[in-house]
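Here the structure comes first, spelled out in structure tokens, and everything after it is commentary.
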Amino acid sequence: MSDDRFPGWHGTTILAVRRGGKVVVAGDGQVSVGQTVMKGTARKVRRLSPGGRDVVVGFAGSTADAFTLLERLEKKLESAPGQLQRACVELAKDWRTDKYLRNLEAMLIVTDGAQLYVVTGAGDVLEPEHDVAAIGSGGNYALAAARALMETSLDAEEVARRAMAIAAEICVYTNGNLTVETIPA
């Protein structure tokens, strides 16, 4: 994205891997503004528990924007308990059409263990192929590494950790300080 309001908008790397009865969502800890690392230990993977049911969300982009979206998603989940797809579609619809929300700069990976989605401000709610999803500036590196590692006998967490390590070696906006959340598939 090239927008003067968001100088050097490079976020992060978030990766989700579904394998062996669980989904692992991993996110790095680097916050960059332009060419400056502002923080190296941010938590960009969160566990929500609306109605007592766990949902794991990873976000890339503007932190304040992502938190606004997380609050909205939590409200959607509370109004439609157990219906992750519906909540994600409603969030994406609001995000695209609402005058305030459509200016938010972030992306989300959302899972309840059974379902896995990438949600964008363009109105997309995408189910990834090959049980791997990635977003952020290092997302393509992590995605490629994870897809290759899915050909091994590694478990979901080890695939995620190794793929994130590869992304951190390639993408200057990604570091190796990981937050990892696991949820049963």
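Coordinate-derived values only; no laboratory data. Bear in mind that the values here come from a model prediction, so they are computed numbers and not experimental data. For neighbour counting, all protein chains shown are included, and Cβ atoms are generated from backbone atoms with ideal geometry for every residue, glycine included.
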- Mark the label point 7 Å from the Cα of Ala80 along Cα→Cβ and return the residues of the range 120-135 whose backbone N is within less than 15 Å of it. 120, 123-127
- Item | Potential extension, Ala148-Lys99 segment - 0.36 nm per residue separation minus Cα distance | 13.6 nm
- Task: Would you please give the residues with an amide H less than 5 Å from that of Ser137, counting only those at least 5 places away or on a separate chain, with H modeled from the backbone geometry?
- Result: Gly11, Thr12
- Under 5 Å from the placed amide H of Asn177, counting only residues 5+ away or on other chains, we find Gly29
- Query: Given labels modelled 7 Å from the Cα in the Cβ direction, how far is it in nm from Ser49 to Leu126?
  - Reply: 3.2 nm
- Per-residue Cβ neighbour rank within 10 angstrom, fewest leading, Val172, Val159, Val57, Val89: Val172, Val89, Val57, Val159
- Task: With viscosity set to 1.567 mPa s and temperature to 4 °C, compute the Stokes-Einstein D of the range 16-65, Rh being the Kirkwood radius across alpha carbon pairs; µm²/s, no decimals.
- Result: 102 µm²/s
- Helical contribution to [θ] at 222 nm, DSSP H n ≥ 4, -39,500 (n - 2.57), averaged over the chain, rounded to 500: -10000 deg cm²/dmol
